[in-house]
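Trainee: One structure coming up, written as structure tokens, with questions to follow.
Taken together, the values in this text are just the output of simple stated rules run on the coordinates, not laboratory data. Source: prediction; values computed, not measured. Note that each Cβ is placed from the backbone with ideal geometry, even for glycine, and that neighbours are counted across all protein chains shown.
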Amino acid sequence: MPAYFFGLAVGQLIYGPISDRIGRKKPLYFGMTLFAFASLLCVLAPDHWSLIAARVLQALGGCVGVVMARSAIRDCLDVQGSAQAFSSMMIVMGIAPILAPTLGAAILQFFSWQGVFFALFVIGLFCLFCVHFLFKETLAPERRLHLNFKQVFILYAAILKDRSFRFPMLAGCFTGAALFCYISSAAAVLMDGYHLTQQQFAIAFGFNAFGIILLSSINKRLANKLSVILRLKIGGLIQVTGALIIVSAGFMSDAPLAIVMLGLFFSVSGIGFTGPNAMALAMSEQGSRAGTASAIMGSMQFACGLLGGVVLNFLVWNHLFNMGILMLAFTVAGFMAILKVAQQFKMKQI
């Protein structure tokens with residue numbers, strides 16, 4: 001998993017500026033082809049080091065979809081429309097953790113572990129087919145940036161200095177890091193700590209994924225009733241509340257599973273509010289450099305995930321408290337960034 005996250009973080013930084021130069025569709029062709037090829041390499045890997053290397057290549061290919069999807073949304077929609085579209089993306093991202101374990105378990109009933117990667121190879125080919133026949137280029141040639149290697153770094157620096165991007169990006173990255181903390185710790189907390197079976201763990205995991213779907217759907221419906229800033233604040237408060245519940249449960253000698261699940265539901269599902277709205281605000285003023293901005297935000301999100309995974313290994317308390325305290329640190333930092341975003345937005349209105 002760390003190898004895959006590394007590939008996801010690095011790959012996005014490459015695809016972003018390239019897509020701002022040559023458009024959104026050509027990088028999708030390359031990335032989906034690489035993903036399918038790397039999935040096949042995983043099937044044929046003779047040892048675990050070869051498998052890890054193939055997984056990095058797989059991530060380098062697969063991450064193109066995230067960058068191009070966000071960039072294409074920004075190419076076509078305004079802030080409110082983007083927030084709704086990003087909510088739809090979050091719904092899909094919430095469905096995936098529900099379906100993936102079930103599909104993976106079904107494959108493993110009939111095939112060896114290589115069958116999972118062969119299925120990913122087929123999925124990669126299907127995505128390549130969809131890119132060719134269903135995806136239309138969203139960045140017109142006259143809007144593309146003519147970047148050389150040096151200018152890419154200048155562009156990265158300019159985007160990071162842009163306050164309209166930096167604080168929404170930090171808000172989205174820090175609040176999104178709660179999900180990575182959950183992914184890294186869920187098995188240890190729920191299976192080792194509460195002795196859930198694999199089937200029960202899949203249900204619990206799916207329950208929290210359903211929370212992301214639910215709040216993303218609510219966020220989408222509230223688009224014309226509440227401002228993006230207000231919805232972002234609500235999401236931040238929900239996540240901080242969930243993290244506080246988990247930390248409180250960590251203090252207990254034998255915390256009821258229901259309390260832990262409630263805290264996890266709040267801290268994870270709140271991303272359905274914070275993720276889409278932070279992304280929409282971060283991308284709102286990026287224009288033709290949306291690909292590079294999308295790459296920075298995506299890479300920072302996975303960097304926070306990697307940081308959280310590393311920090312968890314050094315915390316000395318029980319798994320539940322470790323997860324809760326790290327979630328609380330990330331969500332509080334995210335909420336502070338949200339308040340900074342709200343302050344900037346108020347100043348613009350004045």
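Trainee: If the cut-off is a Cα-Cα distance under 15 Å, which aspartates and glutamates reach residue 225, setting aside same-chain residues fewer than 8 apart in sequence?
Mentor: List returned: none.
Trainee: What relative contact order, as a whole-number percentage, does the chain give when Cα pairs under 8 Å and 6 or more residues apart are counted? Could you put the intermediate results ahead of the total?
Mentor: Details: 567 pairs, mean separation 105.3, N = 350.
Contact order relative to length: 30 percent.
Trainee: Pull up the cross-link candidates among the aspartates and glutamates for residue 25, meaning alpha carbon to alpha carbon under 20 Å and not fewer than 8 places away within one chain.
Mentor: Counting by Cα, and skipping residues close in sequence, residue 25 has these aspartates and glutamates nearby: 75, 137, 142.
Trainee: Turning to a different aspect of this structure: Helix hunt in the chain: which complete DSSP H runs extend at least 27 Å axially by C-alpha with mean Kyte-Doolittle at least 0.5?
Mentor: Values: long enough: 2-22 (30 Å, 0.72); 25-44 (29 Å, 1.35); 79-110 (46 Å, 1.31); 114-134 (29 Å, 2.30); 163-186 (34 Å, 0.90); 198-221 (34 Å, 0.58); 228-251 (35 Å, 1.74); 290-314 (36 Å, 1.28); 319-349 (45 Å, 0.91).
Span-like helices here: 2-22, 25-44, 79-110, 114-134, 163-186, 198-221, 228-251, 290-314, 319-349.
Trainee: Treating only the Cβ of Lys, Arg, Asp and Glu as charged (+1, +1, -1, -1), what charge dipole size does the chain show about its Cα centre? Round to the nearest 20 debye.
Mentor: On the way: 23 positive and 10 negative charges, 252 e Å.
With Lys and Arg at +1 and Asp and Glu at -1, about 1200 debye.
Trainee: Please report how far the C-alpha centroid of the stretch 283-350 lies from that of the stretch 13-73, rounded to the nearest whole angstrom.
Mentor: A separation of 24 Å, based on Cα centres.
Trainee: For the chain, modelled as a Gaussian network with Cα springs under 10 Å, which listed residue fluctuates most, 47, 20, 75?
Mentor: Result: 47 has the largest fluctuation of those listed.
Trainee: Something else: Any idea what diffusion coefficient the stretch 1-92 gets from Stokes-Einstein, in µm²/s, Kirkwood Rh on alpha carbon pairs, 4 °C, 1.567 mPa s? Mind showing how you got there, number by number?
Mentor: Working: Rh = 14.0 Å.
Taking Rh from Cα pairs, D becomes 93 µm²/s.
Trainee: Against the globular-protein guess of 2.2 N^0.38 Å, express the Cα radius of gyration of the stretch 239-321 as a ratio, rounded to two decimals.
Mentor: In units of the 2.2 N^0.38 Å rule of thumb, it is 1.41.
Trainee: While we're here: What are the semi-axes of the equivalent ellipsoid for the chain, taken as the square roots of 5 times the Cα gyration tensor eigenvalues, largest first, in whole Å?
Mentor: Equivalent ellipsoid semi-axes, largest first: 30, 28, 18 Å.
Trainee: Moving on. Within 10 Å, count the other beta carbons around each residue, average over each peptide in 203-214, 178-189, 220-231, 130-141, and list them highest first. Don't jump to the answer; show the numbers that get you there.
Mentor: Numbers: 203-214: 19.3, 178-189: 22.5, 220-231: 16.2, 130-141: 13.0.
Answer by packing, highest mean first, reads 178-189, 203-214, 220-231, 130-141.
Trainee: Report, in whole Å, the centroid distance computed from the Cα atoms of the stretch 211-228 and the stretch 138-181.
Mentor: 24 Å
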